[in-house]
Amino acid sequence: MRLSDIKGEEAFDTLADIIEPLTIIFTDEEIVKISKEENAPPIKYVVPAIKNHKKEIIEVLARLENEPVEEYKKKVNLVSLPKQVLDLINDPEVQDLFTSQAQMTQLGSSGSAMENTEAKES
């Protein structure tokens, strides 16, 4: 299920449940490095996401399938997992969420603070 398919109050609950694991995944050093590569194919994200963040991937995918984590673990398989992870990574709403978050953190000042130039009273 894509994020855009989730509407109303369910969207709030879903976001609350997946924001932390997604943040952990998308701030992974290896994934950030891949994101800086020009024209990196989305499939490149799948291996580090799965290898480095099994727990978080399962949490997110189980929530998007609206299943308890333990039930989801029983049914996920070698064929469905890479496709589901790739679908998650390719979801435009997920990309927008983390692209805008990255841009917001880059809006801070990059220069040194300016010295106070106001005249002092004697």
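Table for the structure above
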read-out	value
Pairwise Cα inverse-distance average, inverted: Kirkwood Rh of the stretch 3-98 (Å)	13.8 Å
Residue-span extension gain [residue 96 to residue 27] - 0.36 nm each, minus C-alpha spacing	23.4 nm
Over 20 Å (Cα to Cα) - which of 51/74; 7/44; 44/83; 36/83; 7/83; 54/75 fall in this group	7/44; 36/83; 7/83
Filtered GluC sites (Glu not before Pro), the stretch 3-48: DSSP coil and at most 13 other beta carbons within 10 Å	37, 38
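Every number here is computed from the coordinates shown, using simple stated rules; none is lab data. Please read these numbers as outputs of a predicted model, since none were measured by experiment. Note that each Cβ is placed from the backbone with ideal geometry, even for glycine, and that neighbours are counted across all protein chains shown.
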